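All remarks here apply to the structure that follows.
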Amino acid sequence: MNKLVVLTDLGTFKAYRLEQDRVSSTPRLQPVDAYESVYGDDRIGRRLSDQAGQFKTSGHAGVATQDGADGERHNIWLENERRSVKQIAERISKLLGNGEFESCYLAASSEINREIVDHLTPEARRKIEKNVQCNLVNSPKEQVLQHFK
């Protein structure tokens, strides 16, 4: 049985194939997909800058004023979280929708877990066999396997 294991948080996505062979009693995780999301990165300087033209200035050379308030970005953190969750759900749905995997183990922190599941396609949602609400992205593979036993 082909099983997908997904470990994710807002900034990192890792997907593995769970392999169990008859020779070894220990299951192995083989990488299938991974990426780092710019939306989940909490360092806003990586996405935004104060390049020329970003903010209005007064008549004095280079002095920023309150007149530039229309250039402020409101609720950027909420929007980035929404985009990241949507991107994660699309990635999982794509991996589970191609017929390669029959079921899935998912691990995501409790803050985003439900939102991810809500954004999955119905087919992908049906394939979730175990759903763990914790962040295992940086955990050793042995510890990841323990969570899904």
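The values are calculated or read from the model by the stated rules, or taken from the named source; none is laboratory data. Keep in mind it's a predicted model, so treat the numbers as computed, not measured. Cβ coordinates were reconstructed from backbone atoms using ideal geometry, including for glycine residues, and neighbour counts include every protein chain displayed. Surface accessibility is based on the protein's heavy atoms, side chains included, excluding ligands, DNA and RNA. Shrake-Rupley method; radii C 1.70, N 1.55, O 1.52, S 1.80 Å.
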query: Within the stretch 52-66, is there a residue that is out of contact with any helix residue (DSSP H, G or I) (no Cβ under 6 Å at 6 or more places or on another chain), modelled with pLDDT of 95 or more and open to solvent by less than 70 Å² (accessible area, probe 1.4 Å)?
result: no
message: Scan the stretch 110-117 and tell me whether some residue there is modelled with pLDDT of 95 or more, over 17 Å from the mean Cα position of the chain (by Cα) and under 29 Å from R28 (Cβ atoms).
response: no
task: Would you check if S84 is among the small types (G, A, S), surrounded by 12 or more Cβ atoms within 10 Å (Cβ to Cβ) and in contact with a Phe, Trp or Tyr (Cβ under 7 Å, 6 or more places away or on another chain)?
output: yes
query: Is it true that some residue in the stretch 70-77 is within 15 Å of D9 (Cα to Cα) and modelled with pLDDT under 95?
result: yes
- prompt: Which one is surrounded by the most Cβ atoms within 10 Å (Cβ to Cβ), of the residues in the stretch 97-147 that are out of contact with any Gly (no Cβ under 8 Å at 6 or more places or on another chain) and among the hydroxyl-bearing types (S, T, Y)?
  reply: Y105
